[in-house]
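Just so it is clear, none of the values below were taken in a lab; they were calculated from the coordinates. What you see is a predicted model, and the numbers here were worked out from it, not measured in a lab. Using ideal geometry, Cβ is built from the backbone for each residue, glycine included, and neighbour counts are taken over all protein chains shown.
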Amino acid sequence: MENRKRNKQLIVRFTEKEYEYIKYKKEKSQLGSYADFIYEAAINCNIYYVDTSPILKFAEEINKLGVNVNQIAKIANETNNIYKNDIEEIKEKISAIQKFINDTHTKLLKVRRGAY
């Protein structure tokens with residue numbers, strides 16, 4: 001085994017479902033052996049880490065915006081008035097959300113094109 005080019009070994013265990021899926025993908029790949037298939041998958045596949053914290057922040061901002069809209073609606077229903085600064089605050093938050101969506105979309109397109 002010392003004369004082999006690939007002399008390191010990993011033992012990996014799968015659930016029955018995972019094993020069946022790997023078996024299916026290996027057959028579709030038309031690679032000769034499981035070793036060839038797993039080697040190709042491990043060496044030649046890109047794995048991306050996606051930081052989801054901005055998405056969670058985005059969800060929080062949308063929630064805050066909803067709370068603000070509900071508060072303004074309640075005041076408007078009680079007083080028959082809508083305050084200009086409340087509307088401006090909502091517009092600012094909507095603009096920030098639109099910017100976040102556009103920035104995120106741009107980043108996703110770069111990842112898709114392999115720019116990252």
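Here are the numbers:
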| read-out | value |
| --- | --- |
| Max mean-square fluctuation residue, GNM over the chain, Cα-Cα springs under 10 Å, options LYS64, LYS26, LYS99 | LYS26 |
| Gain in span if fully extended, TYR34 to ASN81, counting 0.36 nm per residue against the direct Cα distance | 9.9 nm |
| DSSP-loop chymotrypsin sites (Phe, Trp or Tyr not before Pro) across the range 1-83, with at most 11 other Cβ within 10 angstrom | PHE14, TYR48, TYR49 |
| Straight-distance crosslink candidates among lysines, where the alpha carbon sits under 29 Å from LYS107 and sequence neighbours closer than 8 are dropped | LYS57, LYS64, LYS91, LYS93, LYS99 |
| C-alpha long axis of helix 34-44 to longest principal axis of the chain, angle in ° | 40 degrees |
| Rounded to 10°, Cα long-axis angle of helix 84-113 versus longest principal axis of the chain | 20 degrees |
| Rel. contact order, % - alpha carbon contacts under 8 angstrom, at least six apart, the chain | 16 percent |
| Dipole moment magnitude, nearest 20 debye, the chain about Cα centre, only Lys, Arg, Asp, Glu C-beta charged | 660 debye |
| Cα pair distances of the chain binned at 5 Å [whole percent] | 2, 8, 11, 12, 9, 9, 9, 8, 7, 6, 5, 5, 4, 3, 1, 1, 0, 0 |
| 19 Å tail of the calculated P(r), the range 53-113, as % of Cα pairs | 43 percent |
